[in-house]
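The next block holds one structure in the form of structure tokens; read it before the comments.
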Amino acid sequence: MSRKTISPGGHVTGVVELPGDKSISHRYAILAALAEGRSEIFNYATAADCRSTLECLRRLGAEIEATPERVRITGKGLHGLKAPKRALDAENSGSTMRMLSGVLAGQKFTSTITGDSSLRKRPMRRVAEPLRKMGAEIRGSDGDLAPLEIHGGNLRAIDYALPVPSAQVKSAILLAGLYADGVTAVREPVRTRDHTELGLREFGATVLTAKDSIRIQPQPKLIARQLTVPGDLSGAVFLASAALILPDSSLMLHNVGLNPTRAKVLDFLISIGAQINLASVQLRDGELTGDLSVRYSQLSGGSIAGSQVVEMIDELPMLAALGAYTEKGIEIHDAAELRVKESDRIATLATGLRQMGVDVEEFADGLRVACRSAGKLRRAKVDPQGDHRIAMALSVAALGADGDTVIRDAECVGVSFPEFFATLERLRGSGA
């Protein structure tokens, strides 16, 4: 188990080219494996989760060549995947397991997909139930936990209303809808990230969207593409937060994904006083990208609830930790989903911040993080419970502590942002 010591102080200055967006990388890889021909994906995410997706696709017969510059995937067409010789291992990636379950539901062979001890505890019934309605046979362990055994083929089109907003479940249904006997529709109570819909269109599928529904035409011919993955906005938020809380900081983040279903986190930060400016905004391969400039700011604080939670679900740990550096604190509700992520993110974050001297009130569906009015945060040894987003959020919070803070199990950041600590140290330079 690795540990990382975070020394306080200094400032964040410089320019960053972020690694590729994790969510988009998963989807491009899956669609490339289902396409005909060889796709090239540039700036593919370095995250361990995205490597898990590539390995699962290899076991299903896709030819994949991965280098630091690009990932080449020779797809097998919609019906060209083959039965894996052993269980597919999604490791820690819920995105891999849920979205690939949709693809596996359309195959006329039996496969098993599993993951690490953390992933095997995360709920999979929400994806298994709609796929069963489409005709797939899915067997899981206690309460539809992984490993999942999936026997698919001959799928029926459905019109499905998501009981809980989830881009991963929506994506699984749409991917299964590629194999259905008619138009499949997904209705969502709150709009979730739409990378799957955009990616499907880029590869040649017909996807129709209305205010609250998405419909996909079955049996398309997907065509290989050359695509560039935007920089990861969720990763950008951690570095931007470091700049916001350290005086004299000035940071430029290049080519960041600004998809409207993801960028509400920037709106929130600006609403509480963050000095964030956008430049060079353009549409590339269906995704909006641009540059972000971030400067040290006095933050007022605020509340997050309702549809905002879905729009900022991955960024909530960092936003909550920022509460200690605001005038009024940060309060979050309607976020019970955080309790079934890589860790119970509400409890894990609350524990870590309390150890650092922050007043935190925990709710069933969120938490309130008070401003630290009595001076700097306290140095501490904190445990993110193997959760990459908690580890990064507590590391950024530690930049304003009264001494060195130790992050246990720090290597878990590799799940989404392996370069995080090195990048943060480079940006701080001799000022740390």
Within the stretch 109-127, tally of residues that are buried (at least 23 other Cβ atoms within 10 Å of the Cβ) and closer than 20 Å to residue 162 by Cα: 2
What do you reckon, is residue 65 closer than 21 Å to residue 198 by Cβ, assigned to a strand (DSSP E or B), modelled with pLDDT of 95 or more and of a type in the set (Asp, Glu)? no
Would you please list the contacts, defined by Cβ atoms under 6 Å and residues six or more apart or on different chains, that run from a residue in the stretch 238-254 that is modelled with pLDDT of 95 or more and of a type outside the set (Gly, Ala, Ser) to a residue that is in a loop (DSSP other than H, G, I, E, B) and crowded, with 24+ Cβ neighbours inside 10 Å? 246/12; 251/12
Would you confirm, using the coordinates I've provided, whether residue 376 is over 27 Å from residue 98 (Cβ atoms), modelled with pLDDT under 95, touching a strand residue (DSSP E or B) at 6+ places or on another chain (Cβ under 8 Å) and not assigned by TED's automatic domain parsing to the domain that holds residue 116? yes
For the stretch 327-342, give me each residue that is surrounded by fewer than 23 Cβ atoms within 10 Å (Cβ to Cβ) and either part of a loop (DSSP other than H, G, I, E, B) or not acidic (Asp, Glu) (or both). 327, 328, 333, 334, 336, 339, 340, 341
Within the stretch 34-51, the count of residues that are part of a loop (DSSP other than H, G, I, E, B) and out of contact with any strand residue (DSSP E or B) (no Cβ under 8 Å at 6 or more places or on another chain) comes to 1
Unique residue being in contact with a strand residue (DSSP E or B) (Cβ under 7 Å, 6 or more places away or on another chain) and over 22 Å from residue 31 (Cα atoms) when the list is 147, 165: 147
The stretch 39-77: number of residues that are under 19 Å from residue 18 (Cβ atoms) and either of a type in the set (Gly, Ala, Ser) or touching a residue at least 60 places away in the same chain (Cβ under 8 Å) (or both): 10
Which listed residue, of 410, 321, 336, 364, is farther than 29 Å from residue 254 by Cα and either among the acidic types (Asp, Glu) or under 20 Å from the mean Cα position of the chain (by Cα) (or both): 336
Of the residues in the stretch 188-210, those that are in a loop (DSSP other than H, G, I, E, B) and buried (at least 19 other Cβ atoms within 10 Å of the Cβ) come to 188, 192, 193, 194, 203, 205
Name the residue, out of 57, 18, that is under 21 Å from residue 387 (Cα atoms), buried (at least 24 other Cβ atoms within 10 Å of the Cβ) and touching a strand residue (DSSP E or B) at 6+ places or on another chain (Cβ under 7 Å). 18
Within the set of pairs 6 or more residues apart or between chains, which connect a residue that is outside any helix (DSSP H, G or I) inside the stretch 84-113 to a residue that is aromatic (Phe, Trp, Tyr) with Cβ atoms less than 7 Å apart? 106/179
Does residue 43 count as of a type outside the set (Asp, Glu), at positive phi, crowded, with 17+ Cβ neighbours inside 10 Å and under 21 Å from the mean Cα position of the chain (by Cα)? yes
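The values are calculated or read from the model by the stated rules, or taken from the named source; none is laboratory data. Remember, predicted model here, so these are calculated numbers, not experimental data. Virtual Cβ from ideal backbone geometry, glycine too; neighbours counted across all protein chains shown.
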